[in-house]
C-alpha cells in the first residue's frame with residue numbers, strides 16, 4: 001500500500017497518516033483499525049518547536065510512505081528516530097518481527113521515504129528538534145560529530161545504538177507516572193533526557209573531522225548496511241561493496257565509519273552478534289545451530305567473538 005502525505009511547515013505527519021489508513025482518533029491517540037493491524041500512534045507538540053511522535057503498532061500489509069516536506073522559511077529541524085526502543089512481550093515476538101534497535105539522526109529533509117514492512121511491530125520514538133533549540137542546550141560541546149549536527153549546512157546522517165538508559169526513559173514515556181494534566185510537560189522533559197543520552201553516545205566516537213554527505217551518498221551507505229544485514233553468514237567484501245556504492249574504497253570506508261561510528265567489518269560483526277543473541281534467547285537455538293547459521297565453521301571462535309561483544313559465553317547467555 002502506498003501513501004503520500006505532506007508535512008506542512010514541519011508540523012508532523014501523524015494526522016495525515018492516521019486519516020490515510022482510517023485510524024480511530026481519540027484525543028491525542030490514533031488507533032490503527034483492526035483491518036490494517038493494531039496499536040496506536042500518539043505524540044506531543046510544544047511551543048518551542050520541539051515535537052515527539054510515538055509509534056506503538058503493527059500492520060498487516062507493507063506500507064510505503066512518501067513524505068513531502070514543506071518547511072516554513074528559516075525552519076531547520078533535526079530528526080532523531082529511536083527505533084525498537086520499547087520492549088516486546090513473548091507473545092508479540094512469536095507473531096511479529098521486531099524493529100532493529102537503533103538511533104537514526106538526520107536533517108528534516110532526509111527523512112522523506114519510509115517503508116513499513118508487514119507483520120513488524122513498530123515501537124519507536126521520533127523527536128523533531130529545531131536546530132536553534134539544540135544549540136541552546138548542546139552548543140558548547142566541542143566534538144566534531146556534535147558540531148556537524150548543530151552547524152551542518154548540507155545533509156548528514158548518523159546512526160548509533162540504543163542504550164539501557166534510553167530504553168528506561170522511553171518506557172517512562174510509554175507509561176507516565178504523573179497525572180494526565182502533567183503528561184505533556186513530563187514527556188517534554190523525557191525527550192530532552194533522551195537527547196542527552198544520544199549526544200553522550202556520539203561524544204564517545206573518535207574525534208575526527210566529518211564530511212558533508214550528498215543524499216545519494218546517504219542512500220548508498222544505507223544500502224551497504226542493509227546488504228550486510230541480509231548476509232550475516234558471509235563476511236563483507238570491501239571492494240565489491242565500494243563498487244556497488246559507486247565510491248572509491250577510501251571514501252566508502254570513511255563515510256560508513258562516519259555514519260555508524262564503526263568500520264564495515266566491525267559493524268558487520270556487531271550485527272552478527274546481535275542476531276546471535278536474539279537466536280539464542282528468543283528462538284532458543286543451540287550454540288552450534290546459531291554458530292553455523294551465522295557462518296562460523298569453528299564454534300570455539302564463535303564463542304570467543306560472542307563473549308567479546310556480550311561479556312559472556314553463548315551457552316551461559318542462552319540460560320540467563
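Each value in this text was obtained by applying a stated rule to the coordinates, not by laboratory testing. Predicted, not measured: the structure shown is a model, and the values here were computed from it. As a convention, Cβ positions derive from the backbone with ideal geometry for all residues, glycine included, and neighbour counts pool all protein chains shown.
Quick notes on this one:
- Members of segment 201-223 that are closer than 19 Å to residue 139 by Cβ and assigned to a helix (DSSP H, G or I): 201, 202
- Checking 167, 198, 173 one by one, the residue that is touching a residue at least 12 places away in the same chain (Cβ under 8 Å), assigned to a helix (DSSP H, G or I) and surrounded by fewer than 19 Cβ atoms within 10 Å (Cβ to Cβ) is 167 and no other.
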